[in-house]
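S.K.: One structure is given below, represented as structure tokens, and several questions about it will come after.
Each value in this text was obtained by applying a stated rule to the coordinates, not by laboratory testing. These numbers come from a predicted model, not from an experiment. No Cβ is skipped: glycine too gets one built from the backbone with ideal geometry, and neighbour counts run over all protein chains shown.
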Amino acid sequence: MITAASPEILSINRPWHVPRPKKLTFMHLPREVRLRIYEFVLVEIPRWDKKHNLNCRCRPRLDSDDTEHPPFLQGMIKITPVPTRWHIVTSTRCDCAKRKGLSLLLTSKEINEAASPIFWSQNTFCFLDSMEFLATVGHRLRPQHQQQIQAVSFMSPDARGMPRHVRLYGRRGRHIEPFWRAIMKCIRLKYLELPAWYINPARFNIHRSNQLAKALPNLQSLEISHLLPYSNKAHSWGYPSPWYKQPEERTFYVRCSRRVPIVRDGSWTNQAAKDLFRELQHNFRVHVDTAVKTKLLGATIDGLEEYRTTFRLPRQLDEHNCVRRITLPSGETTTIRFYGLRTSNQTRLRVVREKKALDQQQKLKNNRTHAQQQAADREKQRKRERRRFFEDLERRKYNIDLRERDIRLEQLREEEEKEAGRRERAIKRAEDKRKSFRQSERKRTIHINNY
């Protein structure tokens, strides 16, 4: 028995007690909180709905009414199909359409396993061309990630489905079958948006529809969309260039779509497929184009192609007010969305206020404006790069001098070795000559003594 006067200390060990870690990390958060953080970082709006940043160089000036090229049309993709692996090279003028939180998936294996299903299942993956989808998802993505994708969208400014933004080194016709096979690998796909060219009866028949309905049981309907370009300048290839802009050129795009249900009972016929394609590619598209030109651009029904001379968007249309519901000449009502509109007044005021706040903060530091500080920083960076360039040049010259000295020393060493070899050979020849002379003298002396 332990008494109060005993020097021993009574301690009770509780097996259910878990000691608190010395340092709390991100992985000690509850799983629900971590999943919400993964969702906040990885789930973004579709690439079609992203806008340019306020400081992006592709945005028009605030003191002008110029339109802007949407971020998703600011790049070029070069695809080279090879037998084993497709090579894809992407170059963009700005990074406004790129995803920002993908580095989270590279943090650790545990975070990747928990966050990758959220990324692949809750995002809408947007592509300008079927070859881009085939080169990335079809040939590079793992099967477990392909099966997690639930939303895929294709949208092209070219009515033929072959945009100049995607350059394919090879024939497109032979990649139609692999494209549809890659689509059918996404077995959990719920939303699929395609241009009307993809359901052309020559490439999308009854057999294809039955395959699609069988391979994608969760797919309820197809979204057939058009992206119609409009510009006050005529272009030889049908839509404005994404890489340069003509003087005083104003361009915007209109997106219209229609939902097509998936027929799973086998009642769809070839004639129904042809009628659907004709309705979407000719009637629906032409009606939307006519409504936009007559109601928004000031053209007349008899001179639709003269809209470039009366090209003037309503003042209510800007980057924030870009959705309209219009009535088509056929009496149908549909919703259209605009891309590449002018900068709104709210954004201009926001930019001016941010600039004023930055100027005030900068004046408190060194009595300069933010633009002057940026110019000074650029000048310092230019001088730093110039100094680094000359240092590298001097270093290269020094390395070249060292290399030339080593080469010269090697040449001298080789010349000395050659000269030493020549001397040794000369000495050997002289020695052989003396030996042969002594032998001949010895033979002659013996011959004389015998006589």
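S.K.: Near TRP48, within a Cβ-to-Cβ distance under 13 Å, what is the net charge of the other residues, with Lys and Arg +1 and Asp and Glu -1? Show your work: numbers first, answer last.
M.R.: Numbers: positive: ARG47, LYS50, LYS51, ARG255, ARG337; negative: GLU44, ASP49, GLU193, GLU223.
Overall, the nearby charge balance is +1.
S.K.: Considering the values (1) 535; (2) 185; (3) 130, which represents volume of the Cα convex hull per residue in Å³ as calculated for the structure under consideration?
M.R.: (1)
S.K.: Give me the net charge for the shell around ARG324: Cβ to Cβ below 10 angstrom, other residues only, Lys and Arg +1, Asp and Glu -1. Display every interim value, and only then the final one.
M.R.: Working: positive: LYS295, ARG325, ARG337; negative: none.
Net of charged neighbours comes to +3.
S.K.: Name the helices (complete DSSP H segments) of the chain with a Cα length along the long axis of 18 Å or more and a Kyte-Doolittle mean of at least -1.0, or state none. Spell out each step's value before the answer.
M.R.: Values: long enough: 109-122 (20 Å, -0.47); 345-366 (31 Å, -1.65); 370-450 (118 Å, -2.13).
Helix filter hits for the chain: 109-122.
S.K.: Under 5 Å between amide H atoms, partner at least 5 residues away or on a different chain: which partners does THR67 have, H built in plane at 1.01 Å?
M.R.: Excluding prolines and chain starts, which carry no amide H, the hits are THR251.
S.K.: Residues with beta-carbon under 12 Å from that of ASN210, excluding ASN210: net charge, scoring Lys, Arg +1 and Asp, Glu -1?
M.R.: +2
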